[in-house]
Amino acid sequence: MDPLPIACALTPPAFADRAQAWRTLLSAGLVSRERRPDGVRLLVTPGVERTLRGLLALEAECCAWFSSTVIPGDPVVVDLTSAGEGPAVLEAMIDAAIAGS
């Protein structure tokens, strides 16, 4: 099965807002991040888990090309995965969010 096209259904202003939400979340709670063959693993503080889950639910509505798994704990483990070119795009997105935070 071919991977889904990498596309986002957000308008430019909504995309900017979403990017800011990621920057805010990661600046408040990122512990570390790891590259994976199929995407990115984030470790975040438990204090941002509720916000993280809300943000991931929004992402699921507009970006079907990647999936997420959240494992509660201290830290919370978040796996963002995709196929094809998706892992590189996920890594670039997280890098941009970290750099902007």
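Any read-out appearing in this document is the output of simple, stated calculations on the displayed coordinates, not a laboratory observation. Here the structure is a predicted model, which means the values were calculated and not measured. Virtual Cβ from ideal backbone geometry, glycine too; neighbours counted across all protein chains shown.
Of note:
- The chain: most fluctuating residue of Leu80, Leu55, Leu26 per GNM, C-alpha cutoff 10 Å: Leu55
- Intensity falloff of the chain expressed as log10 I(q)/I(0), Debye formula with alpha-carbon point scatterers, at q = 0.21 Å⁻¹: -1.16
- Computed per residue of the chain from DSSP H runs no shorter than four, each worth -39500 (n - 2.57), the mean residue ellipticity at 222 nm is -15500 deg cm²/dmol.
- Per-residue packing, averaged as other Cβ atoms within 10 Å, sorts the ranges 66-74, 6-14, 34-42 into the order 34-42, 66-74, 6-14, beginning with the highest.
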